[in-house]
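Enquirer: Would you mind keeping the following structure in view while I ask a few things?
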């Protein structure tokens with residue numbers, strides 16, 4: 001079984017925020033894969049799909065970003081899966097707007113959601129896709145930037161989301177994943 005966890009914050013208030021790109025990618029991947037039947041379990045919304053070589057689970061933790069590891073860790077422990085079976089999708093403040101980076105492992109890079117996953121999984125040895133949201137303009141609020149949205153950014157983020165969805169679909173359908181970065 002493979003797991004894809006898109007990180008974000010629950011609730012309508014955050015739905016279109018930059019911080020919820022992980023949720024958006026998982027939602028779009030579910031649509032593309034024809035996955036329905038979301039359930040509430042592990043403090044998350046989960047949906048199961050079937051690929052040619054096995055099942056996969058899509059996960060959207062409902063614990064708020066900074067505690068995402070609670071859900072991800074519980075899913076992996078319950079299914080007795082190694083961290084390498086998990087792909088986490090997050091926004092990244094330190095990547096240029098719209099840039100997408102895929103890595104087989106790595107640090108949290110200052111991202112509190114990734115930090116929580118590392119703490120609850122016990123290792124940084126899980127796959128991750130980061131989608132760049134850029135930093136706010138000088139003097140701008142980081143919190144406001146991350147939890148906000150911008151019509152001007154939406155087209156760039158939509159393209160980045162499409163790229164991330166392609167990587168997620170390839171992972172769940174084939175198990176293939178490699179380090180990669182968009183231009």
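No value in this document is a laboratory result; all are computed from the given coordinates. Because the structure is predicted, anything quoted here is derived from the model rather than measured. In this analysis, Cβ positions are derived from the backbone assuming ideal geometry, glycine residues included, and neighbour counts consider all displayed protein chains.
Enquirer: Restricting the calculation to Cα positions, tell me the Rg (one decimal) and the Dmax (whole number) of the chain in Å.
Expert: So, for the chain, Rg and Dmax equal 14.9, 50 Å respectively.
Enquirer: Report the relative contact order of the chain, percent, no decimals, based on alpha-carbon pairs under 8 angstrom and at least 6 residues apart. Display every interim value, and only then the final one.
Expert: Values: 388 pairs, mean separation 50.3, N = 183.
Value for the chain: 27 percent.
Enquirer: What do you get for the angle between helix 68-78 and the principal long axis of the chain? Use alpha-carbon atoms, 0 to 90 degrees, nearest ten.
Expert: That works out to roughly 10 degrees.
Enquirer: Moving to a separate point now. Determine, for 38, 180, the number of other Cβ atoms within 10 Å of each Cβ, and report the residues in order from fewest to most.
Expert: Arranged by neighbour count, lowest to highest, 38, 180 become 180, 38.
Enquirer: Rounded to the nearest 10 degrees, what's the angle between the helix 151-174 long axis and the longest principal axis of the chain, both from Cα atoms, 0 to 90?
Expert: 20 degrees
Enquirer: Moving on to the next point. Quick one: angle between helix 21-33 and the longest Cα principal axis of the chain, in degrees between 0 and 90, rounded to 10, please.
Expert: The answer is roughly 50 degrees.
Enquirer: Quick check on the exposure proxy: order 17, 182, 71 from fewest to most C-beta atoms within 10 angstrom. Let's see the in-between values first.
Expert: Numbers: 17 19, 182 16, 71 25.
Lowest count first: 182, 17, 71.
Enquirer: For the chain, what is the calculated [θ] at 222 nm in deg cm²/dmol (nearest 500), taking -39500 (n - 2.57) for each run of four or more DSSP H residues and dividing by its residue count? Walk me through the intermediate numbers first.
Expert: On the way: 5 runs with 64 residues, N = 183.
For the chain, the value works out to -11000 deg cm²/dmol.
Enquirer: Follow-up question, since we're still on this one. Sorting 127, 39 on the 10 Å Cβ count, fewest up front, what's the list?
Expert: On the way: 127 24, 39 10.
In order of increasing Cβ crowding within 10 Å: 39, 127.
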